[in-house]
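Quick note: the coordinates plus some simple rules give every number you see, no bench work behind them. Being a predicted model, the structure only gives us computed values, none of them experimental. Cβ coordinates were reconstructed from backbone atoms using ideal geometry, including for glycine residues, and neighbour counts include every protein chain displayed.
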Amino acid sequence: MRVCVIGAGAIGSLLAAHLAKVADVSVLTRRDSHAQALNEHGLMVSGRHDFTARVAAVAEPNELPEFDLGIIATKATGVTGAAASLRGRFPEATIMTVQNGLGAEEIVRAQGGWPLVSAVTFMSGTKHSDTHVEYILDTPTWLGPYEGSSYERVQEIAQLLVDAGLEAEALPDLRPAQWSKLVFNATVNGVSALTGLPHDAHFAAEAEPSDLGHLVHDLVDEGKRVAAAAGVELYDDPWEMNVLATQRGSAHYPSMLEDVEAHRPTEVELINGALVREAARLEVDVPLHTAVYRLVAAREASYS
Amino acid sequence: MRVCIVGCGAVGSLFAATLAQLDDVEVWAYDLNREHVDAINRDGLRLSGAGEALGRPSATSDPGELPACDFGIVATKAMHTSPAIEATAAAFADGCVATVQNGLGNEEAIAKHTERVIRGTTFPAGKLLEPGHVQWDVKGDTTFGPFEPKPAPFEEIARLAEACTRAGMPAQAVEDARGPQWRKVIFNAATNPVGALTRLTHGRVCEDPGLRRLVSGLVDEGKAVAAAQGIVLDADPEDLIDHAAKPEVAYGHKASMLQDVEARRPTEIDYLNGGIVRFGEEHEIPTPLNRAIWSLVKGLEQSW
């Protein structure tokens, strides 16, 4: 199989390096120097796995070789640009999205008629350089069909990820998993970006009246009501996901926190905005998610 | 008459310097900032900006030096009320103690250590430029009234208000001083933390329609808690918010809480939104947005 990974952040790098063990992998980077470094030095994985992969990287979309599976692994804010760069090409390829939040599939669909596969990933890594990614959490990636794409194809791709040494599972309906992650991300990433706290024990603390755990709990409950109104039975309870995550040794820095600290655009529209818009469509009141959404969006506006 | 200003920061200095101009008032200033105390004793206390004054209060950091006073005016930040009044209470054994601080709960803290308490709210503002020198930014009114559980005699309250007015700090004695106090608390609780969490100035908060709705949501909860106590606001906090957003008033003003956050100092959140939540609980009025904002700012403080 020929795989193209579009976007070589932490998740894209982890996917590309592992898949290179079992497939021909090309990588589309944003910067030319990043592509050159990958071609010259390969892509090193440390942490849970330890190896260096050979990948063929380019920064110019027109130079991409043919592929059977394209994985868009940019941040949610980069999906439009990534999909546009594939527009009118690779008609036989399946395109898979792994973004946080909701709506990445629609953005890709607007750029072409490729068969699509939805995925959400819970694995995490830290990019130490253009050519070195640390594999931190080996929690799974879940895949499901989108708009009637073939479930067999989804299973093939999940198997490919497993053969590559990653944790993956095909699900006939991805929405329960996607919504679990949506509610989790809208809550944890938003609170983290506003407070400056990494995802640590504060998020589960409920002893004092002003403890952050109360707010996190209330945000999760609001999110669950939206999911229920959408007819989705959540795969995992986001509050339990939150508590478990805060009990792991080192606290995770959600990308939304890193983004506001670096004054970069955040994924707030596709995560918090998506949840608030779904709630409005389903006529569910979400005053707390609305507040968090507005505050993070305004924090972004404060850069300029 | 002898008055001691407890906490001679910006607001305390406005009272200390102006009252010290009057022949019939002896002013003491208690403050822990030794450089400021030494400068006041050496060169006097100077105000410049919206008003000019040079007063010569007797300043000290040693509560043992304070003589018996007719009045105390507590002007510390709200989180310092208890230690400040505990240290100085002996000077007010036969006197009355007023607060001109932000937030809710200061009167209660003062009443733990003294017998005759004056509820107060003040709108003038300034900042300490250097030891002994305060910039007077905004002129405004002060309202004094009895603190109901441990009231000062009304004629004493009137005597203090009359002296302040004569000194150039217009003050009014009223039977129920809760209206202006809650108007200011609601204003501050609805705007200060939103500025602090988004890093936006007051005017930019107000011109973002989503954020402005969040501000109104916070105001509405505060109004409901005030109404449940039978408090009649002396004006609508919404009008104050819109007035302050005008370019010629305070469009570019960074809320003091935003200044605290930027300097990583403890904020007054426990006495603003935390106070509204506590009074709401007592009167069974739900305050979910104020509670959320309280938790977020507490989380922000914990991230330092």
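Observations on the structure shown:
- Rounded to 10°, Cα long-axis angle of helix A:175-195 versus longest principal axis of chain A: 70 degrees
- Per-bin percent of Cα-Cα distances, the stretch A:1-136 [5 Å]: 2, 11, 23, 25, 21, 12, 5, 1
- Cα shape, the stretch B:248-296, gyration tensor, a/c 1.5 rule: prolate
- Listed by chain and number, the lysines placed with their C-alpha closer than 17 angstrom to that of B:Lys223 are B:Lys184; residues fewer than eight positions away on the same chain are left out.
- Taking 20 Å as the straight-line reach from the Cα of A:Lys127, the lysines in range (excluding those fewer than 8 positions away in the same chain) are A:Lys21, A:Lys75.
- Shown here: the stretch A:121-272, whose C-alpha atoms stretch 50, 43, 29 Å along the first, second and third principal axes, sorted largest to smallest.
- Under 15 Å from B:Lys139, Cα to Cα: aspartates and glutamates that are on another chain or at least 8 residues apart: B:Glu52, B:Glu248
- For the stretch B:189-245 and the stretch A:101-173, distance of Cα centres in Å: 44 Å
- Cα-based radius of gyration of the stretch A:89-168 once divided by 2.2 N^0.38 Å, which approximates compact folds: 1.19
- Given +1 at the Cβ of Lys and Arg, -1 at the Cβ of Asp and Glu and no other charges, the dipole of the protein assembly as shown around its Cα centre is 980 debye to the nearest 20.
- Largest-first principal axis extents, alpha carbons of the protein assembly as shown, Å: 94, 47, 43
- The mean of 1/r over all pairs of different alpha-carbon atoms in chain B, once inverted, gives a Kirkwood hydrodynamic radius of 19.4 Å.
- More than 14 Å apart - percent of Cα-Cα pairs taken over the stretch A:46-88: 63 percent
- Taken residue by residue and averaged, Cβ atoms of other chains lying within 10 Å of the Cβ of B:192-201 number 4.
- Helix axis angle, A:287-301 relative to chain A longest principal axis, alpha carbon, degrees: 60 degrees
- Gaussian network model of chain A, Cα within-10 Å springs - most flexible of A:Glu92, A:Glu167, A:Glu63: A:Glu63
- Interatomic Cα distance distribution for the stretch B:34-159, bins of 10 angstrom, percent: 13, 38, 39, 10, 0
- For the stretch B:182-304, the square roots of the Cα gyration tensor eigenvalues, ordered a ≥ b ≥ c, give a/c of at least 1.5 with a/b no greater than b/c, which places it in the oblate category.
- Taking N as the residue count of chain A, its C-alpha radius of gyration divided by 2.2 N^0.38 Å amounts to 0.97.
- Considering only Cα atoms, the convex hull volume of the stretch A:161-200 works out to 87 Å³ per residue.
- Across q = 0.10, 0.21 Å⁻¹, the stretch A:127-206 modelled as identical point scatterers on its alpha-carbon atoms has Debye log10 I(q)/I(0) values of -0.38, -1.04, in the order of the q list.
- Taken over the stretch A:194-304, the ratio of Cα radius of gyration to 2.2 N^0.38 Å equals 1.10.
- Cα shape, the stretch A:1-64, gyration tensor, a/c 1.5 rule: prolate
- Dividing the summed helix terms, -39500 (n - 2.57) for each DSSP H run of n ≥ 4, by the number of residues in the protein assembly as shown produces a 222 nm estimate of -13000 deg cm²/dmol to the nearest 500.
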